[in-house]
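Here's the structure we're looking at; comments come further down.
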Amino acid sequence: MSEWIQPDTFQVGKLLQTYSLATPVFVRYERLDFKPGHPYEAVQCHINAKHVAKAHGGDRIHGWALWIHTKTGAVMGDFHSVWKKEDGTLVDVTPPRDGGQRILFVEDKTATIARKANQLEVRSNLIDFESYQHDGQGTNNGKTFLKGGQPSRKRTFNLPQREKKEAYSYAQKIGFDIDEYPTD
């Protein structure tokens, strides 16, 4: 069992307030294939959502998949993208980390992916820091971010070389133009 599970909406209030986020909604997972018999894979949500929007219309929406730590009760916002159909329905086309059929998601227009020089800059995950067991690192105006499971003062980071290589490889596999990866 993962240490991070899906919370109920009442468990995420502190995180939503800290980061000035709206009310989250449950978004169902829908298996879609990028080609017959080949579903979109886990982890590459930003590519998956943009690829589906390009192929079927609609938009990629950035925000946070919300999870709760089973031991500490800390709430984490995992930087995530979903597909917004032309009718406004949100659909998660990336398999959820807990194997479930839905995620608790909150849209955040400030969560973006940028290209800076030859780097892809992405958002660090959010954390309800007061509940999170940490090593004494400080906070950033009451806001702390997670990178690699560790507290960080940085709101964004350059995609590590290994992850960048995986993203480029995956994009090529599904026929996605990696130049479309950053936020429009």
Practice prompt. Report the one residue of F34, S20, G73 whose Cα lies farthest in the direction of the positive end of the charge dipole of region 4-176 (charges on C-beta: Lys and Arg +1, Asp and Glu -1; origin at the Cα centre).
Written response: F34
Worksheet item: By how many nm would the segment from Q172 to A114 grow when fully extended, if each residue of separation counts as 0.36 nm and the alpha-carbon distance is taken off?
Response: 18.9 nm
Worksheet item: What is the gain in length, in nm to one decimal, between I5 and E121 on full extension, counting 0.36 nm per residue of separation less the C-alpha to C-alpha distance?
Response: 39.1 nm
Worksheet entry | Linear extension gain, E86 paired with F26, 0.36 nm per residue minus alpha-carbon span | 19.8 nm
Response to the item:
Which of K154, K116, K84 fluctuates most in a GNM of the chain (C-alpha springs under 10 Å)? That residue is K116
Response to the item:
Out of R97, R28, R123, a Gaussian network model of the chain with alpha-carbon springs under 10 Å gives the largest mean-square fluctuation to R97
Item to complete: Compute the signed sum of charges (Lys and Arg +1, Asp and Glu -1) over the other residues within less than 12 Å, Cβ to Cβ, of E3.
Response: +1
Practice prompt. In whole angstrom, note down how far apart the Cα centers of region 156-184 and region 99-117 are.
Written response: 15
Worksheet entry | Relative contact order, percent, region 4-176 [alpha-carbon distance under 8 Å, six or more residues apart] | 24
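Taken together, the values in this text are just the output of simple stated rules run on the coordinates, not laboratory data. The structure displayed is predicted, hence computed values, not measured ones. As a convention, Cβ positions derive from the backbone with ideal geometry for all residues, glycine included, and neighbour counts pool all protein chains shown.
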